[in-house]
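All remarks here apply to the structure that follows.
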Amino acid sequence: MKLFNTKWREIEEFKPLKQDKVKVYYCWPTVYNYAHIGNLRTFVFEDLVVKTLRFLGYKVETLMNITDVDDKTIRDSIASGEKLENFTKKYTKIFLEDIEKLNIKKADKIVPVTTLIPEMLRMINTMLSRWYAYFASDGSIYYKVSKFKKYWKFANLDLENLKIWARIDNDEYEKDNFWDFVLWKSWKKEDWENFWEEEFVIYWEDIKKLDEVDNSLVEIIEKNDKQAKIKIKWRPGWHIECSACNIKYHWPQIDIHMWWVDLIFPHHQNEIAQTESCTRKEFSKYWLHSGHLMVDWKKMSKSLKNFYTLEDLEKKFSDKLEKKVLYRAIRFWFINWKYRDSIEFNFEKLKSNIKTIENIDNTIKSIKRYLENKKNNQKKPISKDFREYLNFIVRDYIEALEDDFNFVSSLKIFFEFIKFINLWIKQEDFSKEEILAIIDVLKTFNEVLDIINFDFLEEKKDEISKEILDIFEKRNEFKKQKNWQEADKLRDELLELWYKIIDSREGSSLEKI
């Protein structure tokens, strides 16, 4: 299997650290609002990667964090008048409901970062003792970028054009600024009651800065010329949270770290610096990043106010189709692009994807009708040619997945197979055993794609009212008489009553919408 490793900006063979377990981590959401569908594109990508690895036989252990404390969660929880814990739990619940709708499997471990305070504390004290971190006169603790010699390599930055170096305590910042970044943020009035008080040990020159710090922020417990034990009123910086999550559950190394391209710098760069300063080992062997979802070729984002949530799309399409079709259409759309490319969002394309999913559903329904037709249930062994064809289809599908998660090619193979099924069903050229083998192959494809609704195979026929059957029979009479205008009128009348007509070589049948 080959994949594009962001670390080297090239395709390389995937060789996990251990054959019996692949450790995967994703930076997941900051729960201060609804996730927009640009975020959800990345979550679908991560889900596809994990499902592909499991499909290929790897034993995968997945870990994700929930960022339930940062600048945004504190700001918006205060504005809403809710306690931070209640505020973030509400949006965590909404997020988990959204990913379930898109058939995204939850990570094996989901960790709110507020449960990781002890791990953050140990990491920071380790970095302070090794001079990778320092105490500043504003009462915060910062990471010293100049100490970590390979800091700029991962982000592939041009050292000659760096701006003047300075500290920053914001959780996020623009890509053209490069600073020492905050690990523990000293408390500010706008943080309200959202803070912790923990003990740190600082050394040498940092001790002198205690005289400049507000006494309400720092309590000196012990002090001499070489070191001081202090208690700081603080809250964690954003970057340390993911490092602490991995240290606790994946220590000391992981195989794959994923998220979208925006987090290469500064977040993932900072994760590497923090973690490797503590473990002195390579943090993650492979880094995978997905592209953006664009609107008018601008990145979909909350700051630009050009985003849509899943709820927005549900409202827009609620009167036109079942929501489950919408969810699978969105997932299909995100699959049908190279994961590293940007995607342009528009509603016409979404409608086209909805139609594609409906066509897939119609194929499954055709399979069900074919199985229900007694004359197609003759027992006949699967031919050698047919068996070889199925083997070739599955082999090509696997090869596409192994080629840097080439989902576009895998979908091409999938739709060639759908076309084959529909063609031969029309010619009534499958035995029951062959149809059952086809279903098995479709289920194999769906282990990764997760866009097929097999429930249609299990559905029982509903009792159709005499009123509906009378309209249906009249429509068929008009059709025999080639009175297409009247036949179409009755077809439309049935659609309004939530029934559609399926015309085939075997005749016409009714289907509940």
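What to note about this one:
- Put in line by how crowded their Cβ is, counting other Cβ atoms within 10 Å and starting with the fewest, 127, 1 read 1, 127.
- Potential extension, residue 416-residue 429 segment - 0.36 nm per residue separation minus Cα distance: 2.9 nm
- Each of 10, 119, 372 was scored by other Cβ atoms within 10 Å of its Cβ. Listed from fewest to most, they are 10, 372, 119.
- Working from Cα pairs under 8 Å separated by at least six residues, relative contact order for the chain is 15 percent.
- Selection from 481, 45, 111 lying farthest towards where the dipole of the chain points positive, charges on Cβ: 481
- Restricting region 369-423 to trypsin sites (Lys or Arg not before Pro) in coil, as DSSP defines it, with at most 11 other Cβ within 10 Å: 379
- Of the GluC sites (Glu not before Pro) found in region 410-489, those that fall in a DSSP loop while having at most 15 other beta-carbon atoms within 10 Å are 428, 458, 459, 463.
- Estimated inter-spin distance, residue 59 and residue 482, nm [label 7 Å along Cα→Cβ]: 6.9
- Restraint check, 349/412; 106/512; 384/412; 23/229, Cα-Cα greater than 27 Å: 106/512; 23/229
- Charge dipole of the chain about the Cα centre (unit charges at C-beta), most positive-ward option of 131, 86, 277: 277
- Region 17-299 - convex hull of the alpha-carbon atoms, volume per residue in Å³: 142
- Ranked list, fewest to most other Cβ atoms within 10 Å of each Cβ, for 317, 135: 317, 135
- Qualifying GluC sites (Glu not before Pro) in region 169-277, DSSP loop, other Cβ atoms within 10 Å at most 13: 174, 193
- Eligible lysines near residue 379 by straight Cα distance, threshold 30 Å, same-chain separation 8 or greater: 365, 368, 419, 426, 432, 443, 460, 461
- Only the Cβ atoms of Lys and Arg (+1) and of Asp and Glu (-1) were treated as charged; on that basis the dipole of the chain about its Cα centre amounts to roughly 1020 debye.
Each value in this text was obtained by applying a stated rule to the coordinates, not by laboratory testing. The model shown is predicted, which means the values in this text are computed figures rather than measured ones. Ideal geometry is used to build each Cβ from the backbone, glycine not excepted, and the neighbour counts take in all protein chains shown.
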